[in-house]
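*Asks:* Below you'll find the structure I mean.
The values are calculated or read from the model by the stated rules, or taken from the named source; none is laboratory data. This is a predicted model, so every value here is computed, not measured. Here the Cβ is made from the backbone with ideal geometry for all residues, glycine too, and neighbour counts use every protein chain on show. When the accessible area is computed, the model is the full protein with side chains, heavy atoms only, and any ligands, DNA or RNA have been set aside. Shrake-Rupley method; radii C 1.70, N 1.55, O 1.52, S 1.80 Å.
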Amino acid sequence: LKIFFAQILELNESIAVVRNVMHFTLVHNTGIAFGLFKDCGIVFVIIPLILTGLLIYNVYYYRHSEHLNRTYVLAFSLILGGAIGNLIDRIFLGHVVDFIDFRIWPVFNIADSAITIGAAIILLKCIPSSSK
């Protein structure tokens, strides 16, 4: 989808899907998810590479652990897939292509959503259940 929107929209051009609610807006993001910490350069190539390596190592190391169930694997896969998708953009384009615009939140992409959903799943799994 990133390529599709990069081909049909000019930078900062917007197409309304539902006016003032949901738009497709082409943005080149040099920061992290949702446009935070813009223009920090190579830092956002090095850090995701290190974190991706650590994530792969942890999944490999704990693959037979009772604590690494399917929910964690799903969450880690979402985070890893999103991180790799954005990392590919950073390496080859020097920025991440964002295009989903709800007008009340910075423009983002599907990879950002995958990372956020994966992190939320892990957070929810870490919150102790009050029922016994």
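*Asks:* Looking at region 9-24, which of its residues are touching a Leu at 6+ places or on another chain (Cβ under 9 Å) and either touching a residue at least 12 places away in the same chain (Cβ under 8 Å) or open to solvent by 80 Å² or more (accessible area, probe 1.4 Å) (or both)?
*Replies:* Answer for region 9-24, where residues must be touching a Leu at 6+ places or on another chain (Cβ under 9 Å) and either touching a residue at least 12 places away in the same chain (Cβ under 8 Å) or open to solvent by 80 Å² or more (accessible area, probe 1.4 Å) (or both): L9, E10, L11, N12, E13, S14, F24.
*Asks:* Kindly provide the set of residues from region 87-98 that are in contact with a Pro (Cβ under 9 Å, 6 or more places away or on another chain) and at pLDDT below 90, ordered by number.
*Replies:* L87, R90 - these are the residues of region 87-98 that are in contact with a Pro (Cβ under 9 Å, 6 or more places away or on another chain) and at pLDDT below 90.
*Asks:* Continuing with the same structure: Report whether or not L55 is at pLDDT 90 or above, of a type in the set (A, V, I, L, M, F, W, C) and closer than 19 Å to A120 by Cα.
*Replies:* For L55, the condition - at pLDDT 90 or above, of a type in the set (A, V, I, L, M, F, W, C) and closer than 19 Å to A120 by Cα - is not met.
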